[in-house]
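Here's the structure we're looking at; comments come further down.
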Amino acid sequence: MRSVPAVLGLSALLILSGTAASQQPGGGRGGRGGGRGTAIQPGESCPAGTTEIRPRSCMAPESPAPSIVDYRPHSTLIAPVHLVKTAKYPAIDYHGHPQGLLGTSEGLASLGAALDSLNVRLMVSADNMSGERLRTTLAAIRASDKMKDRVRVLAGINFQNVGPGWAEKAVAQLESDVAAGAVGVGEIPKSFGLTVKKPDGSRLKLDDPELDPIWDACARLGIPVFIHTADPQEFFKPIDNTNERWLELSLFGDRRYPQDRFPSFEQLMTERDNLFRKHPKTTFVAAHMGWHANDLGRLGKMLDEMPNLYTEVGAVLYDIGRQPRVAHDFFVKYQDRILFGKDSFQPEEYPYYWRVFETNDDYFDYYRNYHAFWKLYGIDLPDAVLKKVYFGNALKITKALPQTGWPR
Ligand SMILES: [Zn+2]
């Protein structure tokens, strides 16, 4: 029925498709889908189990549809492929979670081997270390001839019991951690904003004035604040068939933020932006592109308005790689404000970042199906931009990183 010759008139078509059309009221008018479709009104979506085969005509597949978990089409596209195993320039991973590898010389050696294979020269450990744990970790790093210039550590802030006397203690701890060798603060976790409470039981807001002294101390100490706020906006929405992150939210129930128990995405963004604005002398690095990689116009406005703000690309490659032209222009325009970071330490995943940043390849797989149902494209950044994103911007805002030996 699908290839009715054009010379057949409408009456012939109705005869050919008459049986099916009479079984499905409203189907078949005008030859849509050979008459087997169910008609819908403009703006309506197809009934469950059917798909739009012609304008406003929906049809169900003959075979039972596979679930989204099992549907794995193999692309037949043959197009240039440029795999990039090692970064073109030595990189700083500003969003390191090396998971226990820093504590022992064997762990450090295996970290070093992995970083070598990727051309990551330096990892910034963003595990919120403080006090004794920070000191022990720094001692292990310094004791490693191979790794002593390859890892640096960010300090953590303890946001429990924010109230009278908290700021003095927190500032003193931070000063001591920086004296011990911490190069910045972070990764301030998403629990700050989402779940951390004050002693009176109220939610600790990101822009709470009782926190002001710690942010001012960061400015005085000349250290950047690496901060993760909220999570992708879809995590705050109902899990239905329109949610882009349905599979992830279904796999990881703790990533759902139902609105009766959590602040909204926009509430957290408002508090975060107030925090950035209120402390213009403090350098903030919004992790995960501030969860605005799906709205680079919004992130661009923030960068325009707040000169103290930088951003980092960890775990949002799926959004960068699905808009290669917009992302290319964004990275060129804001080349002085973007830092490379990977987040979860899986050495085999870094080359996807290199391929997106360095090539103009089309339509290739991402490394996690549950993050994205779509393919990635290279954004083909110029060398000068790659150098800033890979290492230059991190060196600029983090004075205590090893500053020599980088390519010009
Ligand atoms: Zn994070």
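The values are calculated or read from the model by the stated rules, or taken from the named source; none is laboratory data. Treat the numbers as computed from the prediction; the structure is a model and nothing was measured. Glycine also receives a Cβ, built like all others from the backbone with ideal geometry; neighbour counts cover every protein chain displayed.
Please enumerate the residues belonging to the range 326-344 that are touching a residue at least 24 places away in the same chain (Cβ under 8 Å) and surrounded by fewer than 18 Cβ atoms within 10 Å (Cβ to Cβ). Outline the logic, then answer.
First, pick out the residues of the range 326-344 that are touching a residue at least 24 places away in the same chain (Cβ under 8 Å): 326-328, 330-344.
Of everything in the range 326-344, those that are touching a residue at least 24 places away in the same chain (Cβ under 8 Å) and surrounded by fewer than 18 Cβ atoms within 10 Å (Cβ to Cβ) turn out to be Val326, Val332, Lys333, Asp336, Ser344.
Checking Lys342 against (1) within 16 Å of the ligand (Cβ to nearest atom); (2) basic (Lys, Arg); (3) under 24 Å from His74 (Cβ atoms), only one condition comes out false. Which one?
(3)
If you scan the range 370-384, which residues turn out to be loosely packed, with under 14 Cβ neighbours inside 10 Å and not in a loop (DSSP other than H, G, I, E, B)?
Asp383, Ala384
Being in contact (Cβ under 8 Å) with a residue 24 or more places away in the chain, surrounded by 14 or more Cβ atoms within 10 Å (Cβ to Cβ) and not aliphatic (A, V, I, L, M), is that true of even one residue in the range 42-62?
There is at least one residue in the range 42-62 that is in contact (Cβ under 8 Å) with a residue 24 or more places away in the chain, surrounded by 14 or more Cβ atoms within 10 Å (Cβ to Cβ) and not aliphatic (A, V, I, L, M).
Among the candidates Gly222, Gly193, which residue alone is at positive phi and crowded, with 19+ Cβ neighbours inside 10 Å? Even if it seems obvious, please write down each step before you answer.
Values: Gly222 fails: crowded, with 19+ Cβ neighbours inside 10 Å.
Sole residue among the options that is at positive phi and crowded, with 19+ Cβ neighbours inside 10 Å: Gly193.
Which one of the conditions (1) at pLDDT below 95; (2) within 16 Å of the ligand (Cβ to nearest atom); (3) of a type outside the set (D, E, K, R) does Tyr367 fail to meet, given that it meets all the rest?
Here Tyr367 clears every test but (2).
Find all pairs meeting these conditions: Cβ atoms under 6 angstrom apart; at least six residues apart or on different chains; first residue within the range 297-317 and closer than 12 Å to Phe330 by Cα; second residue away from the ligand (no atom under 16 Å from the Cβ) and among the aromatic types (Phe, Trp, Tyr).
Here the result reads Leu303/Tyr334, each pair linking the range 297-317 to a residue that is away from the ligand (no atom under 16 Å from the Cβ) and among the aromatic types (Phe, Trp, Tyr).
Being part of a helix (DSSP H, G or I) and at negative phi narrows it down to one of Gly107, Gly96, Gly103, so name that one.
Checking each option against the conditions leaves just Gly107.
Test Gly290 against the stated conditions and say whether it is crowded, with 19+ Cβ neighbours inside 10 Å and either outside any loop (DSSP other than H, G, I, E, B) or in the same structural domain as Pro47 (by TED's automatic domain parsing) (or both).
Values: crowded, with 19+ Cβ neighbours inside 10 Å: yes; either outside any loop (DSSP other than H, G, I, E, B) or in the same structural domain as Pro47 (by TED's automatic domain parsing) (or both): yes.
Answer is yes for this residue.
Out of curiosity, is His328 not aliphatic (A, V, I, L, M) and not in a helix (DSSP H, G or I)?
no
Quick one: in the range 300-325, which of the residues that are within 16 Å of the ligand (Cβ to nearest atom) and of a type outside the set (Val, Ile, Thr) is surrounded by the most Cβ atoms within 10 Å (Cβ to Cβ)?
Looking at the filtered set, the residue picked out is Glu312.
What single numbered condition from (1) under 28 Å from Gly184 (Cβ atoms); (2) in a loop (DSSP other than H, G, I, E, B); (3) charged (D, E, K, R) fails to hold for Lys388?
(2)
Looking at the range 234-251, can you tell me whether even one residue there is within 29 Å of Leu211 (Cα to Cα) and small (Gly, Ala, Ser)?
Scanning the range 234-251 turns up no residue that is within 29 Å of Leu211 (Cα to Cα) and small (Gly, Ala, Ser).
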